[in-house]
Amino acid sequence: MAILEKDGQVTYFVGGDNYFSHAVGDQASRRFALTSLMENGHVKAVELERAPLSIPHRTLMNWVGQSRKAGPSSFFRPAEPSKPRIMTPEKSADCARLLSEGKRPAEVARQVGVKESTLRKAIRRQGVPQLTPRPPERVESEAASTKSERSRADAEAAAGMGTACTRADERIQAALGVATGATTRFEASHDVAMGGLLAGLPALCANGLLTGLGRHLRLPRGFYSALHILLVLGFMALGRIKRPEHLRQTPPGELGKVIGLDRVPEVRTLREKISVLAKTGDPAAWMRELAKNWMESEPEEAGYLYVDGHVRVYHGEQANLSRRYVSRERLCLRGTTDYWVNDALGRPFFVVSQPLNDGLAETLLKDIVPQLLDMVPGQPTPAELDADPTLHRFVMVFDREGATQSLLGRLWKQRIGALTYRKNVKDLWPEDEFQDHEVRLPAGGSSRMKLAMRETRLGADANSLPVTEVRRLTQTRHQTAVITTARQLGNTTIAGRMFARWCQENYFAYMMEHYDIDGLVEYGAESLPGTHPVVNPRWRELDKAVRQTRQSERKLQAELARTALNDGGEIQKNAESVESLQAVQEELKRLLSKRKATSRKVTIDSLPEAERPTQLPPLNKILCDTIKMVAYRAETAMVALLRRHLKNEDEARALIRELFVSAADIQPNTAANTLTVKIHRMASPVHDRAIAALLDELTQQEFPHPETGAKMTFALV
């Protein structure tokens, strides 16, 4: 097939025949032509996804589905005008009246009972009548408050409703149910502590912090709305306020000025709001939606998914958690294993928590793979998979724990490629097979590596699995072996993707230090399903006794062998050692028989009440983990912008952290509908120039505040 664009016409040729023509810019004819070519087998969807057309796979499939369902004529049929279902004439009139009074769209939407986005769309399509605005009341401009003035006012308010509760009328109205929530209103203020957090608001919203409002997250009427709580939690993550209890060390009125309120909620209130958000909503569905959106925004990185487990150690007394090995502590400790799914740059997609340690393989197959099959974009169609037996959907990268023929084979049955290190490598390849290659790293840059590649098989039976093995020869002559079932990948791609797995370890270390992903969000414990199988405590005791008895047997055997080498030793002592060895062997035989007769696994409900394992409350943790993922991705996005002016990534990330906790001047302008944030300067001129360039880029985005709609501008003081 060929496409010719000439003299204002686009012509499609199949071989030498003119298949179809249409005018340049006729999108309906273009969709019809390409869909017809795909349906008649003249071109494949994968060919249209490549340059120069570069049409997304999902778009092509939507066209084909439309043609099959509604016929080719549907491409030329004008769309029927949709009737307003929410913005009824009565609500439109109410909105027009309130807008004419000078109220903001966010406040009008709350009073009428519609979403702000719905109202703004109605305004854009002129679905809300434009009434003559009332002349605004003349209000004298209020001077910006200083930090000492705000501190004194916050302390004086403590004698009334509480520290920094300066909006007493709104709080009373919310308590009586008259108002649905507090109105976000910024006040002119100088030297607001942690005012630099407002510079992170565009990145938080761009990464989906507020996308779950109304659908997955909601709060009943009260002073603090769900939007306020999400902003508080997002700013806490960026500002390294790791737990709600740490808000006690932060002036509530100062952080409240950053939110647009008089103060942030106290610790008990915030914990209650988190619980209500988690239990009345669906934070797991919100996490899945965000993961799908993140993958669709970068489909290339979503094709290589890094999976690893992280143990959250539990030191409390209320929950009875099973023990598991913690590699960083080199101990078996009580805790919960979280399996994280990240991209090659360390950015998280989602996390799956396992209160009972089923292992990586079972978690992958039961909990992670079903979600990925629904989320990962750009997967080949069943016809393409049937046509090419080596084609894979996407690639999962994990460590040696999953390097088993069983797991790799079960993944490949679903055409999922696996990339991992090979276990128990004993043979060495000749060094003359290794050639020097330039390996491009996913995070940027490249590295020189000596690589060799072979096609081999895992296992020697009829169920053996064909894999590609790539080895890297290090400077110490060590050969690192990597295997993959995605046999269409090249050796440099395999090496670059596998050796980028350390990004996930770095992510765990960073999140533990800065975001406290191991911290408890809610105290207490919950029961597990009684039908879930667990290791029998009686079997575990017998297994421990067997190991100890075998160790005693080996010691006695070694002692007898050492005595025999020393000219036979004393006869009496040898006889006593033989008797002791026979007694230990008899005990070992008894224990082995008893362990064999004991079931290794039993259901939870068959155990005594005191021995039944429990779990930590999962919903609050899912909500907070999702917000921390959004915050980390927002921080990473800002670091990427700053890297244009700073070469070192660690320096850029440290400077972003400094930006978030910097003081700032907040200057709202109601007439111009703008919100100016002036950040206090950094510690050096170099950092000032880098931050100034970053703030200029944020200003150019013309980001509107999510509730007030004011255009946000950023600068250095």
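The values are calculated or read from the model by the stated rules, or taken from the named source; none is laboratory data. Here the structure is a predicted model, which is why all the values come from computation and not from measurement. Please note: Cβ atoms are built from the backbone with ideal geometry, for glycine as well, and neighbour counts cover all protein chains shown. These accessible areas exclude ligands, DNA and RNA; they are computed on the full protein's heavy atoms, side chains included. Shrake-Rupley method; radii C 1.70, N 1.55, O 1.52, S 1.80 Å.
See the values below:
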read-out: Residue in segment 250-264 that is open to solvent by 20 Å² or more (accessible area, probe 1.4 Å), under 19 Å from the mean Cα position of the chain (by Cα) and either free of Cβ contacts under 8 Å to residues at least 12 places away in the same chain or more than 30 Å from Tyr421 (Cβ to Cβ) (or both) present; value: no
read-out: Qualifying residue in segment 62-71 (condition: within 32 Å of the chain's Cα centre (by Cα), of a type outside the set (Lys, Arg) and open to solvent by 70 Å² or more (accessible area, probe 1.4 Å)); value: yes
read-out: Where Ala637 falls short, out of the listed (1) open to solvent by 20 Å² or more (accessible area, probe 1.4 Å); (2) touching a residue at least 24 places away in the same chain (Cβ under 8 Å); (3) farther than 20 Å from Leu209 by Cα; value: (3)
read-out: Subset of segment 669-717 that is hydrophobic (A, V, I, L, M, F, W, C) and assigned to a helix (DSSP H, G or I) - its residue that is farthest from Asp650 (Cα to Cα); value: Leu698
read-out: Residues within segment 586-601 that are open to solvent by 50 Å² or more (accessible area, probe 1.4 Å), of a type outside the set (D, E, K, R) and not in a loop (DSSP other than H, G, I, E, B), tallied; value: 3
read-out: Residue count, segment 20-35 (criterion: of a type in the set (Lys, Arg) and over 14 Å from Gly8 (Cα atoms)); value: 1
read-out: Residue in segment 306-316 that is under 23 Å from Val639 (Cα atoms), in contact with a helix residue (DSSP H, G or I) (Cβ under 7 Å, 6 or more places away or on another chain) and hydroxyl-bearing (Ser, Thr, Tyr) present; value: yes
read-out: Some residue of segment 602-622 being of a type in the set (A, V, I, L, M), out of contact with any Ser or Thr (no Cβ under 6 Å at 6 or more places or on another chain), closer than 26 Å to Leu231 by Cβ and in a helix (DSSP H, G or I); value: yes
read-out: Yes/no for Val717 being β-branched (Val, Ile, Thr) and modelled with pLDDT under 95; value: yes
read-out: Matching residues in segment 670-691 - criterion: being closer than 25 Å to Ile259 by Cβ, open to solvent by less than 40 Å² (accessible area, probe 1.4 Å) and among the hydrophobic types (A, V, I, L, M, F, W, C); value: Leu675, Val677, Ile679, Met682, Ile691
read-out: Candidate set from segment 481-527 (those that are hydrophobic (A, V, I, L, M, F, W, C) and touching a Gly at 6+ places or on another chain (Cβ under 6 Å)); member that is surrounded by the fewest Cβ atoms within 10 Å (Cβ to Cβ); value: Cys503
read-out: Residue in segment 427-474 that is surrounded by the most Cβ atoms within 10 Å (Cβ to Cβ), counting only those that are part of a loop (DSSP other than H, G, I, E, B) and polar (S, T, N, Q); value: Ser464
read-out: Filter pass, Asp338 being open to solvent by less than 10 Å² (accessible area, probe 1.4 Å), touching a helix residue (DSSP H, G or I) at 6+ places or on another chain (Cβ under 9 Å) and of a type in the set (D, E, K, R); value: yes
read-out: Residue among Val341, Val425 that alone is modelled with pLDDT of 95 or more and either more than 25 Å from Glu455 (Cα to Cα) or of a type in the set (A, V, I, L, M) (or both); value: Val341
read-out: Segment 205-219, residues that are part of a loop (DSSP other than H, G, I, E, B) and at pLDDT 90 or above; value: Asn207, Gly208, Leu209, Leu210, Thr211, Gly212, His216, Arg218, Leu219
read-out: Filter result (of a type in the set (D, E, K, R) and in contact with a strand residue (DSSP E or B) (Cβ under 9 Å, 6 or more places away or on another chain)) within segment 150-192; value: Arg150, Arg185, Glu187, Asp191
read-out: Helices (runs of 4 or more DSSP H) fully within segment 226-334 counting 3 or more residues that are of a type in the set (Lys, Arg); value: 267-280
read-out: Residues located in segment 518-551, provided they are under 21 Å from Leu333 (Cβ atoms) and among the small types (Gly, Ala, Ser); value: Gly519, Gly524, Ala525
read-out: Condition met for Arg477 (more than 21 Å from Ala500 (Cβ to Cβ) and either open to solvent by 80 Å² or more (accessible area, probe 1.4 Å) or modelled with pLDDT of 90 or more (or both)); value: yes
read-out: Residue match in segment 311-331 (condition: over 18 Å from Pro613 (Cβ atoms), among the hydroxyl-bearing types (Ser, Thr, Tyr) and open to solvent by 40 Å² or more (accessible area, probe 1.4 Å)); value: yes
read-out: Checking Lys279 against (1) more than 26 Å from the chain's Cα centre (by Cα); (2) surrounded by fewer than 18 Cβ atoms within 10 Å (Cβ to Cβ); (3) touching a residue at least 40 places away in the same chain (Cβ under 8 Å), the condition it does not meet; value: (1)
read-out: Test: residue in segment 587-603 that is within 30 Å of Ser189 (Cβ to Cβ) and among the small types (Gly, Ala, Ser); value: no
read-out: Filtered residues of segment 147-164 (kept if under 12 Å from Glu254 (Cβ atoms), part of a loop (DSSP other than H, G, I, E, B) and not hydrophobic (A, V, I, L, M, F, W, C)); value: Thr163
read-out: Answer residue from segment 546-567, given it is under 57 Å from the mean Cα position of the chain (by Cα) and open to solvent by less than 40 Å² (accessible area, probe 1.4 Å) and is modelled with the lowest pLDDT among those; value: Leu556
read-out: Positions within segment 1-21 being in contact (Cβ under 8 Å) with a residue 24 or more places away in the chain and open to solvent by less than 70 Å² (accessible area, probe 1.4 Å), in sequence order; value: Tyr12, Val14
read-out: Qualifying residue in segment 647-663 (condition: in contact (Cβ under 8 Å) with a residue 40 or more places away in the chain, open to solvent by 20 Å² or more (accessible area, probe 1.4 Å), touching an Asp or Glu at 6+ places or on another chain (Cβ under 6 Å) and assigned to a loop (DSSP other than H, G, I, E, B)); value: yes
read-out: Selection status of Leu642, out of contact with any Phe, Trp or Tyr (no Cβ under 9 Å at 6 or more places or on another chain), open to solvent by less than 10 Å² (accessible area, probe 1.4 Å) and closer than 27 Å to Glu298 by Cα; value: yes
read-out: Residue identified as among the charged types (D, E, K, R) and touching a strand residue (DSSP E or B) at 6+ places or on another chain (Cβ under 7 Å) among Asp388, Asp399; value: Asp399
